[in-house]
Every structure is written in C-alpha cells, then in structure tokens.
Amino acid sequence: MEISELSYDFLRSMLLQERGQNNLSPIEDDFFDRLGGFVSTQEKILQDNFSIEQSRVVDNSRKLLGELRQTRLRKVLFKALKDFETNSINST
C-alpha cells in the first residue's frame, strides 16, 4: 500500500491490513515520520480553525497511529520470542 496520499482513511486501512496479517506489512523507511507529519498537520488545521469534526480526526488519528505502532511492535516481539525459543533466526 502506497503512502503517497495520507489521510485518516489511509491510516485506518493500514491498521486493518496490519491486524489482518501474521507477518509485518512492508512499509517505507520514513513511514512513521510521514504519518507523524500528517497528524501534526491535522493538529495545525485544528488550531487554525477549530471544529468538532477536525478534533475527532486528530484524536482518532493519534489513536490509530499508536495502535499501528503497538501492533507492529507486538509482532516483532513475538517473532523474536519465537525465534529465541526455536533457536533460529529468520528475518521474514
């Protein structure tokens, strides 16, 4: 999935994709930096022109970003534990 068009819907679909797979979804090196930039941009829009809808977008984007990080971290940790227990190292 491309990161070219960042949006709340993109972030939501990335989380659903990550949750639906056992392995880590491939992402670009700057994926989380760019998503953090997206959230920052949404926060600036909220500061400049407050609306309940924009406030929800910001809050939900923060939550989704956190959940996506946690989901990926959990997969990495489970993989490391599994490799340790089986005494094998496999990067896939």
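If I filter region 79-92 down to residues being outside any helix (DSSP H, G or I) and within 23 Å of the chain's Cα centre (by Cα), which single residue comes out as farthest from Gln21 (Cα to Cα)? Spell out how you get there, then give the answer.
Keep residues of region 79-92 that are outside any helix (DSSP H, G or I), which gives 87-92.
Subsequent filtering for residues that are within 23 Å of the chain's Cα centre (by Cα) retains 91-92.
On the way: Ser91: 16, Thr92: 13 Å.
Among those that are outside any helix (DSSP H, G or I) and within 23 Å of the chain's Cα centre (by Cα), it is Ser91.
For the condition closer than 26 Å to Val76 by Cα and touching a helix residue (DSSP H, G or I) at 6+ places or on another chain (Cβ under 7 Å), what is the one hit in Leu46, Leu15? Explain how you work it out, then say what you get.
Details: Leu46 fails: closer than 26 Å to Val76 by Cα.
So the residue among Leu46, Leu15 that is closer than 26 Å to Val76 by Cα and touching a helix residue (DSSP H, G or I) at 6+ places or on another chain (Cβ under 7 Å) is Leu15.
Do we find a residue being modelled with pLDDT of 90 or more, under 24 Å from Ala80 (Cβ atoms) and surrounded by 11 or more Cβ atoms within 10 Å (Cβ to Cβ) anywhere in region 3-16?
yes
Note down all Cβ pairs under 9 Å where the first residue falls in region 17-34 and is within 19 Å of Lys63 (Cα to Cα) and touching a residue at least 12 places away in the same chain (Cβ under 8 Å), the second is part of a loop (DSSP other than H, G, I, E, B) and charged (D, E, K, R), and they're at least six residues apart or on different chains.
These pairs meet every condition: Arg34/Glu28.
Given the conditions (1) assigned to a helix (DSSP H, G or I); (2) of a type in the set (D, E, K, R); (3) surrounded by fewer than 14 Cβ atoms within 10 Å (Cβ to Cβ), which single one is not true for Glu28?
Among (1) assigned to a helix (DSSP H, G or I); (2) of a type in the set (D, E, K, R); (3) surrounded by fewer than 14 Cβ atoms within 10 Å (Cβ to Cβ), Glu28 violates only (1).
Can you pull out every residue in region 49-78 that is free of Cβ contacts under 8 Å to residues at least 12 places away in the same chain, part of a helix (DSSP H, G or I) and not β-branched (Val, Ile, Thr)?
Of region 49-78, the ones free of Cβ contacts under 8 Å to residues at least 12 places away in the same chain are 49-53, 55-56, 59, 63, 66, 70, 73-74, 77-78.
Okay, now just the ones that are also part of a helix (DSSP H, G or I), so 52-53, 55-56, 59, 63, 66, 70, 73-74, 77-78.
Hits for region 49-78 are Glu53, Ser55, Arg56, Asp59, Lys63, Gly66, Gln70, Leu73, Arg74, Leu77, Phe78.
Can we say Leu24 is more than 15 Å from Leu65 (Cβ to Cβ) and within 12 Å of the chain's Cα centre (by Cα)? First the steps, then the outcome.
On the way: more than 15 Å from Leu65 (Cβ to Cβ): yes; within 12 Å of the chain's Cα centre (by Cα): yes.
Criteria met by Leu24.
The values are calculated or read from the model by the stated rules, or taken from the named source; none is laboratory data. Computed from a predicted model, the values in this text were never measured in an experiment. Here the Cβ is made from the backbone with ideal geometry for all residues, glycine too, and neighbour counts use every protein chain on show.
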